[in-house]
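I have placed the structure first, in the form of structure tokens, so that the comments after it can refer back to it.
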Amino acid sequence: MKILDRYILTTFIKNFLSTFIILMFIFVLQTVWLYIKELAGKDLDFMIIVKFLMYFSPRLVTLVLPLTVLLTSIMTFGNFAENYEFAAMKSTGISLQRAMRSLTIFILALAATSFLFANYVIPAAEFESLNLRRNIAQVKPAMAITKGQYTTIGEDYVMKVADKQG
């Protein structure tokens, strides 16, 4: 691997990791807001909430990854253009396709990894997430009952609770 390829790849990966962490944090916060109704006021342990978020995080990776690649590409190539590094590459006779070869290989490897992740990790995490929600409802039945709505308990009973305390 040539020095230029290594430089472009390390710059891209640094931006990629920082962007991925920031976007993942934003999407996890959005997930918390979506499921706050199920989590708040249920007297759940902190570790159960962490498990809940950990099981929902793999689903977010498929949403975050394309945004991360887009933003990282814009940041990296914008920085190269701002510092006239593309002009320096062109003046030495290096084409844009040649400069992007290492990134193309990295993105193809990332796409293959993302495909395998979506096929194996996400279904397992979804199963564990549904299992955790069922277990919480069995251990704490008050969590399964929602105030002012019809709730199915088991397969035989449907009830509506006007008000609940404790």
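The values are calculated or read from the model by the stated rules, or taken from the named source; none is laboratory data. All of these numbers come straight from a predicted model, not from anything done at the bench. We place every Cβ from the backbone using ideal geometry, glycine too, and count neighbours over all the protein chains shown. Ligands, DNA and RNA are stripped out before the accessible areas are found, and what is left, the full protein with its side chains, is counted by its heavy atoms. Shrake-Rupley method; radii C 1.70, N 1.55, O 1.52, S 1.80 Å.
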- prompt: Dipole magnitude of segment 1-149 about its Cα centre, charges +1 at Lys/Arg Cβ and -1 at Asp/Glu Cβ only, in debye to the nearest 20?
  reply: 120
task: Take the solvent-accessible surface of the protein heavy atoms, probe 1.4 Å, and return the percent of it on segment 19-166 that carbon and sulfur atoms account for.
output: 67
- prompt: How high is the relative contact order of the chain, given as a whole-number percent (alpha carbon pairs under 8 Å, six or more residues apart)?
  reply: 26
query: With r defined as the distance between the Cβ atoms of Y35 and L70 and R0 fixed at 25 Å, what FRET efficiency is calculated, to the nearest 0.05?
result: 0.40
- prompt: What is the total of Lys pairs in segment 1-113 with C-alpha atoms under 27 Å apart, excluding same-chain pairs fewer than 8 positions apart?
  reply: 5
C-alpha center-to-center spacing [segment 85-121, segment 1-70] in angstrom: 22
task: Can you work out the accessible area per residue across the chain, with the rest of the protein chains kept in place, probe 1.4 Å, in square angstrom?
output: 69
